[in-house]
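Contents: one structure, followed by commentary.
Any read-out appearing in this document is the output of simple, stated calculations on the displayed coordinates, not a laboratory observation. Being a predicted model, the structure only gives us computed values, none of them experimental. A quick note on method: Cβ atoms are made from the backbone with ideal geometry, for glycine too, and the neighbour counts reach across all protein chains shown.
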Amino acid sequence: MRWSANKTVVGSLEGCEVVRVLVGEEQRDFTLHRKLLCDSCAFFRTHIEAIPSPSNSKDGEEEEEDDDEGDSVLWLPNEAPDMFEIFVLWLYQRPRFPSFIDYALQTMCPEKFRTLRTNLVHLHLFAAVIDLPAMQDAAMDALQDMYLRFDWDMSPRFLAFLYGDCDVQHAVRLRKWAVAMLAWTLHGADKAVTMAGPVEKLFVAYPELQADYHMHLQKMVQSRADVRIKNPQLRLPVNKLKSGERFFGYRLCTFHSHRATVGEGTCPHALALGHSPAAQPVPKRHKGEAESDISDADLISPVRDLNEISYLDLS
Ligand SMILES: [Zn+2]
């Protein structure tokens, strides 16, 4: 993957230092608060701090003269701008991210649902690339919720993308969930017949998929779960389940990055945000939950409307 961090960092905007990030080959321009971006993960911190800041430059006059040519940017040439819009939304509105997705789904035209889904998949992969587990898990939650809301099945095309086009390390959690979805679909009454042919072809094309699928079925047997009713769309609100609950859905963190370390404890993302995952109507406006110490007034996302987002559709 190619990353480019060239030139210098932009000065300040309304008292806060900002960074321009250009995304994709089209170089869509995002102006973001530097501290917020640096605080999000080591990837941005390293790349941004490596760029000489204009405040450290020796000649202030040069900055003004170089306003056009000397622009300070971080360029992510291989990422999708529409995916990055959702990243910005998460960055600025992290505690309210689920409610933004929910609002988008209520207001956007249905033809765009799959596009949003695809962008969330790319967000999940981007989170793996830049090592930002909290965002990866937020993307996973949003995906599961979308599939539950629309009762979508796992499509052969999506599986082919995960096993044919993606780096195995980046896609490991998506693959785990997709395989669980596939098993659930193939053991369901209505879709099993129509899916069987395409899936056989996929198994031939991607032996790893076949191996993962059979491993999943083995685990289901070992845990005495019924693959016909254990629904991977459904993430139960806690990791510690009451008797019987696990037969119908998956623990909250099953497809999260930290699943192995949490056991039946509380999801660390919920702890970080200061609330229990069991009772979380997402607050409309809740001061003090921001990840950064930039004042709340500054944390107004440059991205507000997911309805305009469009990108490669995997459906
Ligand atoms: Zn979790």
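Taking each of 112/230; 201/240; 112/219 in turn, the alpha-carbon distance tops 32 angstrom for 201/240; 112/219. Calculated from the alpha-carbon coordinates, region 132-187 shows an Rg and a Dmax of 11.4, 34 Å respectively.
Applying the Karplus relation 6.51 cos²θ - 1.76 cosθ + 1.60 with θ = phi - 60° to region 217-222 yields 3J(HN,Hα) values of 4, 4, 5, 4, 5, 4 Hz, where x marks Gly and Pro. Loop-located trypsin sites (Lys or Arg not before Pro) in region 176-255 (DSSP state not H, G, I, E or B) with no more than 11 neighbouring Cβ atoms inside 10 Å: 224, 242.
In square nanometres and to one decimal, what's the mean projected area of the convex hull around the Cα atoms of region 162-215? Mind dumping the intermediate values first?
Values: hull surface 14.2 nm².
With every direction weighted equally, the projected area is 3.5 nm².
Roughly how many whole Å is it from the C-alpha centroid of region 80-156 to that of region 207-265? First find each Cα centre; the distance between them is then 21 Å.
Applying 1/(1 + (r/R0)^6) with R0 = 45 Å to the Cβ-Cβ distance of residue 114 and residue 49 gives a FRET efficiency near 0.75.
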